[in-house]
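Colleague: Handing you this structure, nothing more for now.
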Amino acid sequence: MLRQALPADILHLHWVAHFIGYSDFFRRLPPGMPIVWTLHDMNPFTGGCHHAGECCNFCERCGNCPQLDKPSPDDFSRDVWRRKQQAYARVRGGRFQVVTPSQWLANKAKNSSLMGSFRMTVIPYGLDTESFRPLDKALARQIMGIPLASKVLLFVAQWLEDDFKGWPTLLRAVDRLRAIPDLCLLTIGHGSLGNTPVPNISLGPVSDEERLCLAYNAADLLVLPSVQENFPNAALEAIACGLPIVGSRVGGVPEIVRDDYTGRLVEARDADGLAGAIKKLLEAPNHLRDMAVRCRRIAVQEYALDIQARRYADLYASLVQPQANSATGTRLWTL
């Protein structure tokens, strides 16, 4: 791969798990080339897991991995950790610049034994705030075939039955809310939640941005009961459409969902707390409308694509020699 790469001033890595061999890849890097690595989960600084949950072994040297069938001090996670440590040692000395979309992930990386010494900055994900924008709710519901009088809770996940997305908590919470008139659950994603306590309108997987925008605008709340999250795109898309969120206080979610400002935060797996927060907001339409305005404003001011692009451009400019930047422009190789 490296032999086929075009000449570049900066190497920018993204999600490369199962794509590169750490030892060979970092050994063959051109000497002195700065490396920007945007982390999307914890895998680059653990012994293999993408989300460590309550485990803090990555702060030392992994081993005794609770996600393995037979954990031991010298298990597979320790072996992976050791290989990453040896690979990263080849490019120390300020060449590594780690970027995370959330402060939560940056804090995890800073506390890790593998990346704690690397330079680190937070650049949140960006999105097209013109593609994801507020629309007339009545029109959105008419197009989506959703009754106008419904109270609509939206749940979005790539795989609806993914336990990490919190669907068991969601269903328990909705069961406690079944007395609310015209309550329904709108779902987007692969799979099915089976028999739900209230009517479920399933859109299946949706990749078209226009249809996604309609779904966000047709809903009253996005429900994000996740057990683990980094910086969920669904939350950014929702607030760009002016849709408040009730979400779990996990990962980077609190950086998007400002409690009682753009939504409400509850503890993960707390079905009673989730149900109570949803009920409180559905019963306060004026407060919900104020939240919707704040959601849109924050999305435009903090997460627009041009803001993200400018932050990366400034970062690149700080990593290359001024003469190279002015003569030829910064040449970037992205993986």
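Any read-out appearing in this document is the output of simple, stated calculations on the displayed coordinates, not a laboratory observation. Computed from a prediction, not measured in an experiment: that's the story for all the values here. Quick reminder, even Gly has a Cβ in these numbers, built from the backbone with ideal geometry, and neighbours come from all protein chains shown.
Colleague: Expressed as an acute angle from 0 to 90° and rounded to the nearest 10, what is the orientation of the C-alpha long axis of helix 285-302 relative to the principal long axis of the chain?
Modeller: 20 degrees
Colleague: If you don't mind, there's one more thing I want to ask. Mind telling me which of I239, I307, I256 comes out most flexible in a GNM of the chain, alpha-carbon contacts under 10 Å?
Modeller: Per the Cα network of the chain with a 10 Å cutoff, I307 tops the list.
Colleague: Which of M115, M42, M144 moves the most in a Gaussian network model of the chain with Cα springs under 10 Å?
Modeller: Top of the fluctuation ranking is M144.
Colleague: Considering only G126, M291, M33, whose Cα is most displaced toward the positive end of the charge dipole of the chain, charges sitting on Cβ of Lys, Arg (+1) and Asp, Glu (-1)?
Modeller: Most positive-ward Cα: M33.
Colleague: Here is a follow-up. Expressed as a whole number of Å, what is the distance separating the alpha-carbon centroids of segment 145-193 and segment 262-281?
Modeller: 14 Å
Colleague: Over the chain, how many pairs of lysines fall under 21 Å by alpha carbon, counting only those 8 or more apart in sequence or from different chains?
Modeller: Value for the chain: 9.
Colleague: If you work out mean projected area of the Cα convex hull in nm² from the coordinates, which of (i) 19.6; (ii) 18.3; (iii) 15.2 do you get?
Modeller: (ii)
Colleague: About its Cα centre, what dipole magnitude does segment 137-302 give when the only charges are +1 on Lys and Arg Cβ and -1 on Asp and Glu Cβ, stated in debye to the nearest 20?
Modeller: 480 debye
Colleague: A further question follows. Size of the dipole of the chain about the Cα centre, Lys and Arg at +1 and Asp and Glu at -1 on the beta carbon, nothing else charged, in debye to 20?
Modeller: In total the dipole reaches around 880 debye.
Colleague: Here is a further query. Taking the Cα centre of each part, how many Å lie between segment 290-313 and segment 195-259?
Modeller: One Cα centre to the other: 17 Å.
Colleague: Below 8 Å between Cα atoms, with a sequence gap of 6+, how large is the relative contact order for the chain in percent?
Modeller: Computed over the chain, the figure is 19 percent.
Colleague: Longest segment of the chain with no GluC sites (Glu not before Pro) in a DSSP loop having at most 15 other Cβ atoms within 10 Å?
Modeller: After excluding every exposed loop site, the longest remaining stretch is 162-266.
Colleague: Roughly what angle does helix 167-176 make with the longest principal axis of the chain, taking Cα atoms, 0 to 90 degrees, to the nearest 10?
Modeller: Helix 167-176 sits roughly 20 degrees off the main axis of the chain.
Colleague: Give me the net charge of R83's neighbourhood, meaning all other residues with Cβ under 14 Å from the Cβ of R83; Lys, Arg count +1, Asp, Glu -1.
Modeller: So the surrounding residues net to +2.
Colleague: Let me ask something additional. Can you tell me, using C-alpha contacts under 8 Å and at least 6 residues apart, the relative contact order of segment 137-302 as a whole percent?
Modeller: Contact order relative to length: 22 percent.
Colleague: Also, quick follow-up: In segment 137-302, if every C-alpha pair distance is counted and binned at 10 Å from zero, what percent goes to each bin?
Modeller: Computed distribution, short to long bins: 11, 45, 39, 5, 0.
Colleague: Follow-up. Place +1 on the Cβ of every Lys and Arg and -1 on the Cβ of every Asp and Glu in the chain, take the dipole about the Cα centre, and give the residue among L148, L185, W167 whose Cα lies farthest towards its positive end.
Modeller: W167
Colleague: Taking the 0 to 90 degree range and rounding to the nearest ten, how far is the long axis of helix 305-319 tilted relative to the main principal axis of the chain, both from C-alpha atoms?
Modeller: For 305-319 against the chain, the angle is about 10 degrees.
Colleague: Please go through segment 1-84 and write out the trypsin sites (Lys or Arg not before Pro) that DSSP classes as loop and that have at most 16 other C-beta atoms within 10 Å.
Modeller: Here the sparse-neighbourhood loop sites are R28, R61.
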